[in-house]
Amino acid sequence: MFLTETEIVAMDCTDVVRQLWDYLDGELTDESMDAIRGHLAQCRQCYPQFDFERTFLEAVAATRREHPAPNMVRRKVLAKLRKAGLEV
Amino acid sequence: MDGTLTAGESHRIDSRRFEVEALPWLDDVYRFALSMTRDESDADDVVQETFLRAYRSWHTFEPGSECRKWLFTICRNVFLRLRERERRRVDYGGDDAQLEALASGQEIVGSIGEHTDILSHVDLAPALERAIGELPEVFRSAVVLVDVEGMAYNEAASVLGVPVGTIRSRLFRGRRLLQESLVMFARDAGLATRAACEV
Ligand SMILES: [Zn+2]
């Protein structure tokens, strides 16, 4: 699918905003991804909303600190598995 | 030698495969368990039970498929069983069906673009971690799997045993709740005016 510049801008802002999360998550078809990318590049109304959602999702992803299982848990798991027959 | 393995040999190969493919995910499984239980001692129990079940059903694991997703699915089921037991003892609070209805009715349109500055102002990690912990469990598990663990919607759907559309609505509602918490946090911290908080 090929959209002209006028068609990209003419895309309904409401539709773009409604699909922002799907877009950021990469969960749309290639055509929709392209259409929204094109719209965002040119629409001053939608861009701040997009920027906010992107920053927000980056902040949520950043909470995934390496949180190793305590050694005690690791030892208990291994002990259970050995008892069940695992050879480690 | 006719190429067939003795029982002992195939057992050793299975052990080795489990050690190499499943055990390295122990930290991830623990993190996922903790996000659901929010209690270290419960997470400890859930993780032990998860690996024990995984080992016992290792023959059902399809080589080459995603082991983390497989382990998370088992972990989720172990957690649900634990919660079911808890529920019988005390009324756990939180009506999943009611929350689900809330999620599906949620419209995503809303403008909070003006809050971009809040996100760049401070280190939000502690506030966000707390807010994630306080989300109702149905929303929390979707947010954790997709936003924190980086799973695609269909992978998260498979772990939670729900349709992709359900993941999408739970995720979107969970994210909105998190954003509301952050705006409140920013207001309490004096980072945003009351007017700007009325989203
Ligand atoms: Zn627009």
| Taking interchain pairs and intrachain pairs at least six residues apart, which have beta carbon atoms under 7 angstrom, with the first residue in segment A:29-42 and at negative phi and the second within 15 Å of the ligand (Cβ to nearest atom) and of a type in the set (Ser, Thr, Tyr)? | A:MET33/A:TYR23; A:ILE36/A:TYR23; A:LEU40/A:TYR47
| Taking A:GLN49 and the conditions (1) within 16 Å of the ligand (Cβ to nearest atom); (2) more than 8 Å from every other protein chain (Cβ to nearest Cβ), which numbered condition does it fall short on, given that it satisfies the others? | (2)
| Test result for A:GLU58, more than 12 Å from chain B (Cβ to nearest Cβ), away from the ligand (no atom under 16 Å from the Cβ) and either farther than 18 Å from B:VAL146 by Cβ or not hydrophobic (A, V, I, L, M, F, W, C) (or both) | no
| query | Do you know which of the residues in segment B:15-39 that are charged (D, E, K, R) and within 15 Å of the chain's Cα centre (by Cα) is surrounded by the most Cβ atoms within 10 Å (Cβ to Cβ)? | reply | B:ARG31
| When you scan segment B:134-199 for helices (runs of 4 or more DSSP H) that lie fully inside it, which ones turn up with 2 or more residues that are at pLDDT 90 or above? | B:137-143, B:153-160, B:164-188
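May I ask you to verify whether B:ALA103 is modelled with pLDDT of 90 or more and in a helix (DSSP H, G or I)? Walk me through how you get there before you give the answer.
Working: modelled with pLDDT of 90 or more: no; in a helix (DSSP H, G or I): yes.
The answer is no for B:ALA103.
A quick yes/no check of all residues on (1) assigned to a helix (DSSP H, G or I); (2) within 12 Å of chain B (Cβ to nearest Cβ); (3) within 30 Å of B:ARG16 (Cα to Cα):
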residue: A:SER32; (1), (2), (3): yes, no, no
residue: A:ARG37; (1), (2), (3): yes, no, no
residue: A:ALA41; (1), (2), (3): yes, no, no
residue: A:VAL73; (1), (2), (3): yes, yes, yes
residue: A:LEU78; (1), (2), (3): yes, yes, yes
residue: A:LEU81; (1), (2), (3): yes, yes, yes
residue: A:GLU87; (1), (2), (3): no, yes, yes
| said: With the structure loaded, tell me whether A:ARG44 is at pLDDT below 95, under 17 Å from the mean Cα position of the chain (by Cα) and not aliphatic (A, V, I, L, M) or whether it fails that test. | reply: no
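The values are calculated or read from the model by the stated rules, or taken from the named source; none is laboratory data. If you're wondering where the values come from, they're calculated on a predicted model, not measured in any experiment. All Cβ positions, even for glycine, are placed from backbone atoms using ideal geometry, and neighbour counts span all protein chains on display.
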